[in-house]
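Remarks on the structure that follows.
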Amino acid sequence: MFSRIFLRLALVLVILGYGALVIYAYLPLEEIPINELATEEDFFIKVSGHDIRYRQHLTQEDHSPNLILIHGFGNNLHSWRSITPLLSENYNIFALDLPGFGLSEKPTDYDYSNANQAKTIGKFADALNLNSFIVGGHSLGGAIGLHVAMNNEKTKGLILFNPGIINTGVPEFARYINLIFPFSRVSAKQFANREFREEFLKRSYHNPSIVNEQVMDEIMIGSKTEGYLEGTSSMLGKFYDANEAELMDQVSTPTLIVFGIEDRNKSMAEALQLKEGFKNSKLQLIKDAGHYVHEEAPVIVSESIIREMTFLTERG
């Protein structure tokens with residue numbers, strides 16, 4: 001008798017808890033039109049019918065190589081703020097917000113797989129009339145960059161910043177739980193929580209003091225935009241089995257791997273595996289830098305990219 005009552009009580013609590021979760025998931029968030037969040041530095045361009053935000057830093061020299069920079073998951077083009085001034089004397093830089101992030105459009109009917117995001121990068125380059133380019137990607141952006149280098153003939157070089165190719169850093173359960181209603185919306189709302197995002201982000205830095213109020217303001221900008229909750233829920237609610245690690249040996253493009261060795265989720269063994277996997281590659285190990293190697297060591301990283309310009313622009 002007691003066990004039956006206990007089971008019924010437990011069932012009622014589960015139902016109530018689930019109901020509360022659904023209510024939380026569908027509580028609206030304040031949304032702000034993108035044009036009210038954009039600055040004078042921001043450009044927008046239509047790619048496959050969707051608005052993409054980007055910033056450009058152009059050299060004054062003719063024939064400078066073009067460099068497209070792709071941020072990681074949950075981030076945006078602000079992630080490149082420290083390195084772009086250092087590279088802009090040698091490269092024409094185009095840093096963009098991927099669809100679903102930052103101030104770019106967040107469509108619900110978009111294919112957010114890495115392979116399709118890579119196609120969007122190619123179309124972005126075409127829209128800018130770039131005849132050739134180097135593609136650089138951090139974390140998730142590195143996995144997308146792999147697909148760009150493998151499939152886009154205009155790609156001359158590839159730069160990987162602690163890429164999410166062998167180890168994405170996403171717990172396996174998280175890839176599946178968001179397929180269950182309403183967890184994708186719950187996750188989207190969590191990423192719209194400033195305190196949660198700050199704590200989550202700081203764990204990725206060797207020097208967490210870099211994550212100051214200004215950085216958080218820029219990180220959170222995407223979650224304020226129109227369509228954030230619906231678009232991000234759509235993105236998180238799909239399962240993409242990429243297996244980029246199996247594709248490394250198919251990339252012949254000159255590849256520079258820039259690896260912060262203090263990354264808590266990525267080991268030295270992973271750095272060496274990347275070097276081995278990309279046959280035409282060079283590995284630059286960066287001390288006193290974690291997952292956001294380009295933010296924690298911008299001078300050393302930019303010097304390496306400038307030093308390897310010839311390697312990155314002479315596709316063999």
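Candidates in segment 67-116 are the residues that are under 29 Å from Arg307 (Cβ atoms) and of a type in the set (D, E, K, R); of these, the one that is surrounded by the fewest Cβ atoms within 10 Å (Cβ to Cβ) is Glu89.
Against the definition (of a type in the set (S, T, N, Q) and not in a helix (DSSP H, G or I)), how does Asn90 come out, yes or no? Spelling it out, Asn90 is indeed of a type in the set (S, T, N, Q) and not in a helix (DSSP H, G or I). In the condition set (1) under 18 Å from Arg53 (Cβ atoms); (2) of a type in the set (Asp, Glu); (3) part of a loop (DSSP other than H, G, I, E, B), Asp109 is compliant with all but (1).
For every residue, the table says whether it meets (1) of a type in the set (Val, Ile, Thr); (2) within 16 Å of Gly137 (Cβ to Cβ).
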| residue | (1), (2) |
| --- | --- |
| Leu274 | no, yes |
| Lys287 | no, no |
| His294 | no, yes |
| Ile300 | yes, no |
| Ile306 | yes, no |
| Leu312 | no, yes |
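Residues are listed down the side, and each one gets a yes or a no for (1) farther than 22 Å from Phe133 by Cα; (2) among the basic types (Lys, Arg); (3) over 20 Å from the mean Cα position of the chain (by Cα):
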residue: Arg203; (1), (2), (3): yes, yes, no
residue: Gly227; (1), (2), (3): yes, no, no
residue: Asp249; (1), (2), (3): no, no, yes
residue: Lys282; (1), (2), (3): no, yes, yes
residue: Pro298; (1), (2), (3): no, no, no
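No value in this document is a laboratory result; all are computed from the given coordinates. Keep in mind it's a predicted model, so treat the numbers as computed, not measured. Glycine also receives a Cβ, built like all others from the backbone with ideal geometry; neighbour counts cover every protein chain displayed.
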